[in-house]
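Scroll down for the structure; my scribbles are underneath it.
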């Protein structure tokens with residue numbers, strides 16, 4: 001399920017990035033190190049997963065196990081790191097893949 005959670009997070013992040021790319025670049029972006037430091041200092045979040053998008057963008061999910069807050073950030077090649085989604089009630093899950101034949 002970690003993979004499923006990551007894929008869902010990646011898909012949501014990619015959609016939000018596509019929809020709000022221009023807005024995100026002007027309001028919610030900074031150097032990667034500054035974003036990571038702020039998420040750690042202000043929200044107690046650390047990186048929980050990372051992946052590479054088809055356009056070589058790096059998608060990261062940060063979360064706090066204590067507060068449940070989470071943030072998805074995207075870093076485009078050569079560009080700043082932009083926040084694309086955030087919320088509460090983060091949960092780490094590990095579910096098995098469903099059977100291909102539909103049996104439970």
**Prompt:** For 38, 76, what ranking results if the residue with the fewest other Cβ atoms within 10 Å of its Cβ goes first?
**Reply:** 38, 76
**Prompt:** What's the exposure ranking of 36, 74, going from fewest to most Cβ atoms within 10 Å?
**Reply:** 36, 74
**Complete:** When 27, 32 are arranged by how many other beta-carbons sit within 10 Å of their Cβ, fewest first, they go 27, 32
**Message:** Just to be sure I understand the model, the point goes 7 Å from the Cα along the line to the Cβ. What's the resulting residue 40 to residue 91 distance in nm?
**Reply:** 2.9 nm
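We did not get these values from a lab; they are worked out from the coordinates using the rules stated. Everything numeric in this text was worked out from a predicted model, so none of it was measured. Neighbour counts are summed over all protein chains in view; Cβ atoms, including those assigned to glycine, are modelled from backbone coordinates with ideal geometry.
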